[in-house]
Structures are given as C-alpha cells and as structure tokens.
1. If you wrap a convex hull around the C-alpha atoms of the chain and split its volume per residue, what is the figure in Å³?
2. For the chain, give me the percentage of DSSP beta bridges that are antiparallel, rounded to the nearest 5 percent.
3. Quick one: accessible surface of residue 87, probe radius 1.4 Å, all protein chains present, in square angstrom to the nearest 10.
4. May I have the count of lysine pairs in the chain with C-alpha atoms under 18 Å apart, counting pairs 8 or more residues apart or located on different chains?
5. Using DSSP to define loop residues, name the trypsin sites (Lys or Arg not before Pro) in region 328-409 whose beta-carbon has at most 10 other beta-carbon atoms within 10 Å.
6. Could you list the chymotrypsin sites (Phe, Trp or Tyr not before Pro) in region 39-82 that lie in coil according to DSSP, counting only those with at most 16 other Cβ atoms within 10 Å of their Cβ?
7. As a test of reading the structure, rank 45, 275 by solvent-accessible area (1.4 Å probe, protein chains only), most first.
8. Per residue and in Å³, how big is the convex hull formed by the alpha-carbon atoms of region 1-154?
Amino acid sequence: MTDVANTAYNAFTQVQQDRGIDLAWATATLPALQIETPSWGYGDSGTRFKVFRKQGVPRNPFEKLDDAAEVHRLTGCAPSVALHIPWDKVDDFSALRLYAEQQGLRLGAINPNLFQEDDYMLGSVTNADPAVRRRALEHLRECVDIMGQTGSDILSLWYADGTNYPGQADLRQRKHWLEEAHREVYARLGDGQRMLIEYKFFEPAFYHTDLADWGMAYNLATRLGPRAQVLVDTGHHAQGTNVEHIVAFLLDEGALGGFHFNGRKYADDDLIVGSTNPYELFLIFYQIISALREGDTVAGQTAARIAYMIDQSHNIEPKIPAMIRSVLNCQTQWARALLIQWDRLRDAQVRNDVMEAEATVREAYEQDVRWWLEAMREQRGLPRDPMRAFAESGYAERVAERGIGGASW
Ligand code: RM4
Ligand code: MN
Ligand code: MN
C-alpha cells in the first residue's frame, strides 16, 4: 500500500469506528458477494438493428471460460459461469466442466433457450400446437440432464412466450400449459437442485407475456414447491417499479432465488450494472443485508442462498472490461450497504422519524469505500485496481489473435 492509500484507509476505518460500524463483521462479509457471469456476455451481441463483430471474441464455450477466468482472476469474486443451451452446447459436458475447474471456475446456472427456433414464434411451453409444446419440454428435460453433467444446481428459466394482439390466444389456457410443463421439469430436479423462474413484462411479445411479473412467477413457484423460486432480473420491470420492495417481499416468503443484474435506462437494456442506477442496486443490497443479519429466519436463510448473476449483452463496449466493471459496481454497492447504521435506522423507524431514517440509509450510500475495497483485494492477493490490471495484463492483445467473428451470445 502506498502512503496515500494507507492514510486514506486509516481515515476510512476511523470514520466507520466513529459511526459505530462493526468493521470486523463488515470486512468479513465483503467477500460473501460472489457473482456469476454469463457465457453470453463474452460473445458478440447487438440490437435488432446490428450485431457488431469484435476482434478477440471467444469462438467457443471453452474460450468463453478463458475470459470468465480472467475476470475471476482479477476480481476474486466471479467464480462461476452461467451457460445457455444450445449456445454453449458441447459434445462432452464433463470435459467442459473439467476445463472450468482447471481454471478455478465452476459451471453455474443452465439456461434453456426456447426462443430462437422458428417453431417457437408463437410460444414454446404455451404454444397451442402440442408438438411444439412437447419439443419445448424435451429441451427442458435435456437441460436438467446437462445439469447433472456440469454439476450445476440451478435451472434458470426465462420464456419469450407471449402474444402481440388481444384475442390472439387463450390466456388462461396458456397459464395451465405453463404450469403443466413446469411440473414435469420440477419432478426431475435432484437433491440440491432448484429452478429459478424469471419474469419479464414485455419483449419480444408486446401485448402480453405469460410470466409478466414477479407475482406470476411467485404464484407458479409456490404451486410447484420449495425447489422453485423467483429470479429477479433488474431490467425486467416497468419504469419506476420499486424493485427493492419486490426483493424484500420475496425474501420474506422464502421465494427469492437469484438475480440477473444489469443496468437499464428505458427497457431491458442489459447494460453495465450500476451504470445508470447505482442507488437502486444499493437499496437492493440494503434489503438483502437486513435479512442476512437476521440469521436463522426464513428471510435470513433465503438471503444466504441467493444466486447473484449478471445478465448483460455488451454491444458496443469491450466485453471483458465491461464484465469486470459490472462485478466491481456490484461490490461497491454491497460494501456501502454493509455500512448502514442498523441501530440508528431501527430507532428512527420506531420513532417514525422520516428524515432521520432516510438520512441513515442515504449516508451509508455516500461513504467512500474505495480504499477499503482496495485493501481487501490486496489482502487476498488480488490487484487493487482490477480494471487497470486488466488493461496492463496484455490479455486483450493476446486474445485478439482469435480474430473477428467469434460466437454470437
Ligand atoms: C432475456 C432474459 C434471459 C436471458 C435472455 C438472453 O431477456 O433476461 O434471462 O437468458 O434474455
Ligand atoms: Mn435475464
Ligand atoms: Mn433480459
């Protein structure tokens, strides 16, 4: 640590001691935030207008793991990678698993893909055509089998199913088909495996989506049983939705399974998490840490099992630095949420002191956690500044040899 860094770190610890923060607990809880990165975030992607082909993009699932390993090597908090099937389909998943392990990674959530075949234009598990529904179910079964080979404990489900026009389909009938398919898949889950149900209110369908919001996902999860939980993608709500309230509610019900973190301005933008909405991210972590501190309650146990995942598409930005930045942005807000003065907050809440309660939460957000995070990284043998370490590593130059035309998604 340089003198400047040392002085700044000491000033930080002094400030937090004065604020009555249990810094030993907070520091021990800092590394508890482990974030899974998505294989598709390393591939080329774009909008409906254009996919920009970048140099050095991984050409296959193995190279995607190489890039993910680099993110983990530099940040120390991205130890697993989510796979999308068939984007990441390989002949031998145990070979892919071994390759991941050799890089210090784990294979994480398996994401079925039920939206890219012509058959699925009018829906997959909710399609009026029984042959299409059967095909979709077959793919879901295949994905559960893949979980066995990859050692994944999460099946992460998102459907593009929906309609564009009133009257296009029987909404209640589709609800039944959706439940039917999930029952079959649920029954195949093994011990320690769970399914996370993701919702999204529009896109690609514009009139209705079969799982449009958290309430529908929660209803389905509840009908299925404890191995089914809800996944909150931060980009999947209408403007202005109070996402942290949804988080608190689902935690309390034992139904919050995981997150897809990403940033958004208007729709499901899949941008770098925390780039436009850092306070929202902080407020989500505030709810989670509040539950974690309870320990043995339903909310506490649920919070301890949350699967934190990033779900981003990097259209214009270089993908590996974008992923590092995303992971670090999460870590920064997590760190700040660990600095909430809980006694002061409770006290303000029971006294109905609106101004004091709001100030208590906001003041934690205003703490400068950079020196603390840097010290933590140094202690764990990680670069103090992972963005800079990546820029200086020569990794981007090395993988440029892969050329242009790598994997899409
Ligand atoms: C969807 C949703 C899913 C992701 C796909 C690629 O909008 O967020 O989680 O798998 O995009
Ligand atoms: Mn998602
Ligand atoms: Mn999305």
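1. Details: hull volume 60.5 nm³, N = 409.
Per residue, the Cα convex hull of the chain comes to 148 Å³.
2. On the way: 5 of 32 bridges.
Beta bridges within the chain, antiparallel portion: roughly 15 percent.
3. Here the residue's solvent-accessible area equals roughly 60 Å².
4. For the chain, qualifying lysine pairs total 7.
5. Of the trypsin sites (Lys or Arg not before Pro), the ones in loops of region 328-409 whose Cβ has at most 10 other Cβ atoms within 10 Å are 351.
6. Sparse-neighbourhood loop chymotrypsin sites (Phe, Trp or Tyr not before Pro): 49, 52.
7. 275, 45
8. Numbers: hull volume 31.2 nm³, N = 154.
Per residue, the Cα convex hull of region 1-154 comes to 202 Å³.
The values are calculated or read from the model by the stated rules, or taken from the named source; none is laboratory data. Source: prediction; values computed, not measured. Here the Cβ is made from the backbone with ideal geometry for all residues, glycine too, and neighbour counts use every protein chain on show. The accessibility values were calculated without ligands, DNA or RNA, using every heavy atom of the protein model including side chains. Shrake-Rupley method; radii C 1.70, N 1.55, O 1.52, S 1.80 Å.
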